[in-house]
Structures are given as structure tokens and as C-alpha cells.
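No value in this document is a laboratory result; all are computed from the given coordinates. Model, not experiment: these values are computed from the prediction. When we count neighbours, we look across all protein chains shown, and the Cβ atoms used for this are built from the backbone with ideal geometry, even at glycine.
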Amino acid sequence: MQELYDIMQSKFGISEKVLQYCIQKESEIKSQFQKIDEITEYNQLKVLSAMQKNKLSDIHFAATTGYGYNDLGRDVLENIYADVFRTESGLVRPQLTCGTHALAVALAGNLRPGDELLSPVGLPYDTLQGVIGIRKEKGCLTEYGITYRQVDLLPEDKFDYDGIEKAITEKTKLVTIQRSKGYRWKVSFSVAQIKELISFIKSIKKDVICMVDNCYGEFAEIQEPSEVGADLVVGSLIKNPGGGLAPIGGYIVGKEEFVENAAYRLTAPGLGKEVGATLGITPSFLQGLFMAPQVVNGSIKTAIFAAKLFEDIGFSVLPKSNEARADIVQLIQMGSAENVIAFCQGIQKGAPVDSYVTPEPWDMPGYDCPVIMAAGAFVQGSSIELSADAPIKPPYHVYMQGGLSWHHGKIGVMTGLQTMVDKGLIQL
Ligand SMILES: *Cc1c(COP(=O)(O)O)cnc(C)c1O
């Protein structure tokens, strides 16, 4: 494909060496793509059938204002989510401002003073620590008399079943399980592993609420955690299920009672799901969900390609290029600040938005070291779009995720590698 190589070289500054290397590496991972395509096809049909079952029609695309009573589009959207995740109920709203907010609403709606929250998978995602009160923030759960207990993972990220059994008491009301790795060098949990963990927990205490933080995991496999025993599943719409089209939002799906508890917390006791105008945003949510399996497909192919490029140069990557994927996040251990910065700057160069700006590390609130973020995204902070971020501290891990299409993700990773080569940081 000479025309393709010409445009890569002339418009994106890809050198002959980098081009030849990437062509070779792509050919070595191509055989894995069939399996990913099969998962995508299954999930596409899952979403399509949920839309057909709920008789989605253009009347559902209308905007509501004010209280938003009788918002047919909102109701149908929530029913479609419930069907896709095979749950009784769903809460899918622009008023859920992000993933952290959705998780906070699900927790606060279902926990009462005196209850205990348990994380059997170690420390939760950074922002959740503030919500729970592991890091004291105003209004955190511990301020309301909700206690927190944690069981760390054993070596090799195994569940500490003995520790979990001991940690479950009469106070334990809700268990929170994070599917994705978050900002840690660890594997993400497959749905099969989550199933095993939930079965174990329910065998000890049948009525404990099992909630899964599903961020980054949606549509990476053919099943979702709600199909293997999770009572509540929560995530962000500017990640996988928004398909890059949702401009804001979060979702909570699960058992009717628990979703209702969350809705009463989000709006007000007595109002719940009945209010919440959608202001014209419903079509983007629906179309984004429709596109989401395909977008996740592109993100996973991009992650595998990045893993392959860097592992074959000698970098540690997680997961490895040939390992099964439980989410869209790729970790690369860059080994130096220069490498991290060059890679992130290169990712930015391949972006559709703000490709001409050069990201630099800065002291972000809530972090103990400077952080660099590459995100030339249509939606601010959207990490289903190709993005990379890294705390500037040893061992210099970069977290890369997203890619609205494989063909965009591919060039983005290539400009990332090219920038490192241009700066003389790596040789091919
Ligand atoms: C992104 C993420 C969150 C928080 O989502 P925001 O939309 O950034 O608030 C929570 N948990 C995990 C595992 C995440 O990846």
C-alpha cells in the first residue's frame, strides 16, 4: 500500500525505519484480531437486540426540559442499558457527571450509618479513596458513620480468600470490586475471575450487595459482571459505553431496589428516576452505545499494537501483546522521564484535536508528583479517545487507552514511537 505509507511519512513524519518496524509488528499481531472481532460482533448484536426489543424509535430522540417528567427517551435508554447488561433496572443520566460521581451515588445511595463497605481487591481507584474516606474529603462516607475495610491482593494479584472470609462481618453491607487496573501495575480482572470472587462472597454472606466498578471494562468480553452475579455495575459514559459520542454521563445498572436507592440519592428521596431532563442529549447516548462495541474493538487493537511495539524493543508491558484483555488499558514501563514525556507528546501529535500542542508534566491537584497527560480529544478528558497519562516518577509507567478507531489508534501509537526515536531515546 504505497499510498498509505506515503501519507504516513509525508503528513505524520513517520521515518522509513519506524514504518518498516510497525508494518512487521502489525503483521505479527494480526492473527489475534479475529478473536477480538468475534467479541465485538457478539456485543454489537447484544446492543442491537436490546434496541429492537425496546422498540427504539425517533420519538425517543426528543429533548425534555425542566423536571423532565415522562421523558420517553430517557426511559427507553435506561431499559436498553438494563437489557444490554442483563439487569432489572438502569440509571443512565447526564446528571451523573463522571464515573467517580456514579460510583459515589451508588455507594451513598445503598449504604447507611453503621454499615461497612469492603474492598476485597485492595486499594480502590484514586478518586474513590476520597469518596470513601480512605483519604479524608468533605462529605466522604466515613463522615456519615460508614466504615471501610480492605483486603489486599496476594502476590500475583490473587484473591486472599481467607482474608476476605475474615473481613466479612454482620456489618458488611456492600462489597466493591474494581475490574480494571486503575493506576496500578497489576492485571485487570476478567469476568470469570469476578464471577468466582462474587460466588465466594455470596457463599459467606448471601445478602451482601456486590458492586463492580466496570470502568474501562465494558464490551472487552462477551459477558459483563452483572451476568455473573454482580448486583450493581457502574461506569462512565466518557469511557467505553459512551462510544466516544456521549459528551458526559455515567450509568448504574443492577437490581431494581439498589438502582432505585441510587436514584433517590442522585435526585431526591421520593423523586428518584422520575425527574431529570435530558436537554437533547439522549441521541448521543444511544448512538454512542450503538457504536461502543466497535470503538472498544479499535481501542483493544491499538493496545495490543502498542504492547507489541514496545515489548519487542525490550520494555515491560502489561498486559503482554498476546495476553487476554479484560479492559482497554495498556501499561508500558518506560524507565525514564524522557521516554514518558516523548511518548505522550508523540501520542498528542497523532490526535485529531490539539495535535499542535505539546503536553508537559504539571502538578495536578491530588497527585504526589507531576503528571503528564496526552489527550487530543473531542470530549474533554475522554479516555475512550486515544489518550496516555503518566505520573513522572520511577519506574515511569505510562497508562495508554482508547482510540475511537483502530486506524486512528495505530497512527497515534506510531507517532508516539516516532517521537521517542526522533529524540534519540530508542533505536530500532
Ligand atoms: C476512570 C475510572 C474511574 C473514575 O471515572 P471518572 O470518570 O474519571 O470520574 C473509577 N474507576 C476506574 C477503575 C476508572 O478507570
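Between residue 72 and residue 135, what is the label-to-label distance in nm when each label sits 7 Å out along the Cα-to-Cβ direction?
Distance between the two pseudo-spin positions: 4.6 nm.
Applying a 10 Å radius around every beta-carbon, put 413-421, 287-295 in order of their mean neighbour count, most first.
Numbers: 413-421: 24.3, 287-295: 22.3.
Averaged packing, sorted descending, gives the order 413-421, 287-295.
What FRET efficiency comes out for residue 203 versus residue 123 if R0 is 30 angstrom and r is the Cβ-Cβ distance? Round to the nearest 0.05.
It comes to 0.75.
Sequence gap at least 6, Cα distance under 8 Å: using those rules, report the relative contact order of the chain to the nearest whole percent.
18
Show the residues, 5+ positions off or on another chain, whose built amide H is closer than 5 Å to the amide H of residue 177.
Close amide H contacts, sequence-distant or interchain: 211, 212, 213.
Where is the GNM fluctuation largest for the chain (alpha-carbon springs, 10 angstrom cutoff): 11, 301, 393?
11
Give the share of C-alpha pairs in each 10 angstrom bin for segment 35-80, from 0 to the last occupied bin, in whole percents, shortest bins first.
Going out from 0 Å in 10 Å bins, segment 35-80 shows 26, 38, 24, 11, 2 percent.
With a cut-off of 8 Å between alpha carbons and a minimum separation of six or more residues, what is the relative contact order of segment 62-280 in percent?
Numbers: 443 pairs, mean separation 69.2, N = 219.
In percent, rounded to a whole number, it is 32.
Suppose only helical runs count, i.e. DSSP H with n ≥ 4. What mean residue ellipticity at 222 nm does that imply for the chain under -39500 (n - 2.57) per run, divided by all residues and rounded to the nearest 500 deg cm²/dmol? All intermediate terms of the calculation are to be shown ahead of the outcome.
On the way: 12 runs with 170 residues, N = 428.
Calculated at 222 nm, the ellipticity per residue is -13000 deg cm²/dmol.
Pop out the ³J(HN,Hα) list for segment 99-104 in order, Karplus 6.51 cos²θ - 1.76 cosθ + 1.60 with θ = phi - 60°, rounded to Hz; leave Gly and Pro as x.
x, 4, 5, 4, 5, 5
For segment 172-231, report the % of Cα-Cα distances exceeding 16 Å.
39
Which residues does the label zone of residue 63 cover in segment 81-105, counting backbone N under 16 Å from a point 7 Å along Cα→Cβ?
The answer is 94-95, whose backbone nitrogens lie closer than 16 Å to the label point.
How large, in Å, is the chain by the Kirkwood hydrodynamic radius built from its alpha-carbon pairs?
The answer is 22.2 Å.
What whole-number value in cubic angstrom gives the convex hull volume per residue for the C-alpha atoms of segment 1-114?
On the way: hull volume 29.8 nm³, N = 114.
In segment 1-114, the Cα convex hull volume per residue is 262 Å³.
Beyond 21 Å between alpha-carbons counts as too far, so tell me which of 35/202; 158/181; 17/308; 46/320; 136/166; 181/320 fall in that bin.
35/202; 46/320; 136/166
By DSSP, what percent of the beta bridges with both residues in the chain are antiparallel, rounded to the nearest 5? Working shown, then result.
Details: 27 of 42 bridges.
Counting DSSP beta bridges with both partners in the chain, the antiparallel share is about 65 percent.
Give the whole-number value, in cubic angstrom per residue, of the convex hull volume spanned by the C-alpha atoms of segment 62-280.
Cα convex hull per residue, to the nearest whole number: 117 Å³.
Quick check on packing: order 72-85, 240-253, 154-167 by the mean number of other C-beta atoms within 10 Å, highest mean leading.
240-253, 72-85, 154-167
log₁₀ I(q)/I(0) of segment 177-277 at q = 0.12 Å⁻¹, via Debye over equal Cα point scatterers, no solvent, to two decimals?
Here the Debye-derived log intensity ratios amount to -0.45.
Which residues among segment 347-365 fall inside the zone where the amide N is under 20 Å from a point 7 Å beyond the Cα of residue 183, along Cα→Cβ?
347-348, 359-365
What's the extension gain from residue 364 to residue 86 if we count 0.36 nm per residue and subtract their Cα-Cα distance?
96.2 nm
Any chance you could run the full-extension gain for residue 152 through residue 38? It's 0.36 nm times the residue separation minus the Cα-Cα distance, nm to one decimal.
37.6 nm
Over segment 62-280, what is the percentage of antiparallel beta bridges among all DSSP beta bridges, to the nearest 5?
The answer is about 40 percent antiparallel.
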